[in-house]
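Values in this text are rule-based calculations from the coordinates and carry no lab data. Just so it is clear, the model here is predicted, and its values are computed rather than measured. Cβ: placed from backbone, ideal geometry, glycine included. Neighbour counts: every protein chain shown.
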Amino acid sequence: MSAAEITRLAGALGAEVCGIDLARADASTAERVRALLLQHGVLFFPGQALDVEQHVALGRHFGPLEAHPNLKNPFTQHPELFELAATHGGIADEWHTDLTFLASPSQMSILRMVKCPPVGGDTLWTNLCAAYEALSPPLRELCDGLTALHDAQPHGKPELMTVHPVVRVHPETGRRALYVNEHFTRRIVELSAPESDALLGFLTHWVHQERFTVRYRWSEGTIAIWDNRCTQHFVVADFTGERIIQRVTVMGDQVKGNAPRWPAWRPSQRSAQTRHDRQLLKWYADREKSS
């Protein structure tokens with residue numbers, strides 16, 4: 001790693017790393033990569049030549065790996081590898097943090113660009129810590145006391161849901177990050193449906209501002225590693241032809257933040273408006289059954 005060339009790509013996050021061979025990475029290399037990741041949020045390693053087993057071995061240096069809980073690979077079957085292909089609907093063109101509907105979402109993703117179009121198909125990442133820190137103090141204080149319901153509805157499994165703090169504390173840096181996203185976050189738990197729509201809509205758009213983001217143009221063989229605890233990402237669906245990625249996912253840790261300052265919202269009476277509370281009421285019912 002001493003010979004590595006590191007180039008910052010944007011003010012908020014992102015760095016390109018050249019001069020190392022990730023196929024030969026050892027524990028020492030992994031520790032250096034982890035330190036760079038905490039500094040830059042997302043790292044790009046162009047010109048790599050990893051096969052599936054080398055890709056998986058790289059991921060294991062950072063912790064146990066997990067397959068995707070809901071989606072199936074179109075081509076390459078491996079218990080620790082997740083694959084997306086454009087011809088099979090594999091375009092993640094909505095801002096998201098991976099797997100936030102799980103109680104312990106993934107902490108790190110390592111993506112290999114197997115095939116990409118000559119033009120288009122870029123990916124953007126946003127820095128959720130910078131987005132939180134740019135909020136006004138009163139809004140930060142409000143968000144610090146709220147929680148949000150996340151579910152797997154985009155995967156056709158709305159019954160898979162959990163609640164996380166709206167503001168997550170990063171377990172290694174201690175920085176606070178806005179931990180809501182437009183793909184998996186359904187509801188602010190402590191607010192009524194219209195209040196939740198207003199605040200959640202604001203926050204999920206707030207984090208997408210260009211000043212918090214980096215945009216990366218792919219080349220085949222590039223490896224990207226991102227910290228899933230403090231970033232979101234988005235694929236630009238502006239291409240034709242095939243785009244294939246393979247990803248290994250390092251298993252997550254518990255999402256920690258402030259305890260909610262207010263009780264969870266419950267409608268005072270049933271009405272036509274109650275339909276907006278349906279998912280939240282199901283979460284209450286499921287929680288009461290398990291307790």
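How about the range 75-96: which of its residues are exposed (fewer than 15 other Cβ atoms within 10 Å of the Cβ) and more than 24 Å from residue 181 (Cβ to Cβ)?
Result: 75, 76, 77, 79, 87.
Which residues, taken from the range 235-257, are of a type in the set (Lys, Arg) and either under 16 Å from the mean Cα position of the chain (by Cα) or not in a loop (DSSP other than H, G, I, E, B) (or both)? First the steps, then the outcome.
Going through the range 235-257, the residues of a type in the set (Lys, Arg) turn out to be 243, 247, 256.
Scanning the range 235-257 gives 247, 256.
Could you tell me which numbered condition residue 288 fails, if it satisfies all but one of (1) surrounded by fewer than 21 Cβ atoms within 10 Å (Cβ to Cβ); (2) touching a residue at least 12 places away in the same chain (Cβ under 8 Å); (3) not in a strand (DSSP E or B)?
Residue 288 satisfies all of (1) surrounded by fewer than 21 Cβ atoms within 10 Å (Cβ to Cβ); (2) touching a residue at least 12 places away in the same chain (Cβ under 8 Å); (3) not in a strand (DSSP E or B) except (2).
For the range 236-281, which positions are more than 22 Å from residue 142 (Cβ to Cβ) and without any contact (Cβ under 8 Å) to a residue 60 or more places away in the chain?
268, 269, 270, 271, 272, 274, 275, 278, 281
Being more than 19 Å from residue 48 (Cα to Cα) and either of a type in the set (Lys, Arg) or under 16 Å from the mean Cα position of the chain (by Cα) (or both) is the filter here; which residues of the range 109-132 pass it?
124, 125, 126, 127, 128, 129, 130, 131, 132
Can you name the number of the only condition in (1) more than 17 Å from the chain's Cα centre (by Cα); (2) surrounded by fewer than 19 Cβ atoms within 10 Å (Cβ to Cβ); (3) over 18 Å from residue 282 (Cβ atoms) that residue 159 fails?
Of everything listed in (1) more than 17 Å from the chain's Cα centre (by Cα); (2) surrounded by fewer than 19 Cβ atoms within 10 Å (Cβ to Cβ); (3) over 18 Å from residue 282 (Cβ atoms), residue 159 misses just condition (3).
Could you tell me how many of the residues in the range 221-254 are basic (Lys, Arg) and surrounded by fewer than 20 Cβ atoms within 10 Å (Cβ to Cβ)?
The first filter runs over the range 221-254 and keeps only residues basic (Lys, Arg), leaving 229, 243, 247.
This time we only want the ones that are surrounded by fewer than 20 Cβ atoms within 10 Å (Cβ to Cβ), so: 247.
Looking only at that region, the number is 1.
Go through the residues of the range 185-202 one by one and say whether even a single one is crowded, with 22+ Cβ neighbours inside 10 Å and either touching a Gly at 6+ places or on another chain (Cβ under 9 Å) or among the aromatic types (Phe, Trp, Tyr) (or both).
No, that holds for no residue.
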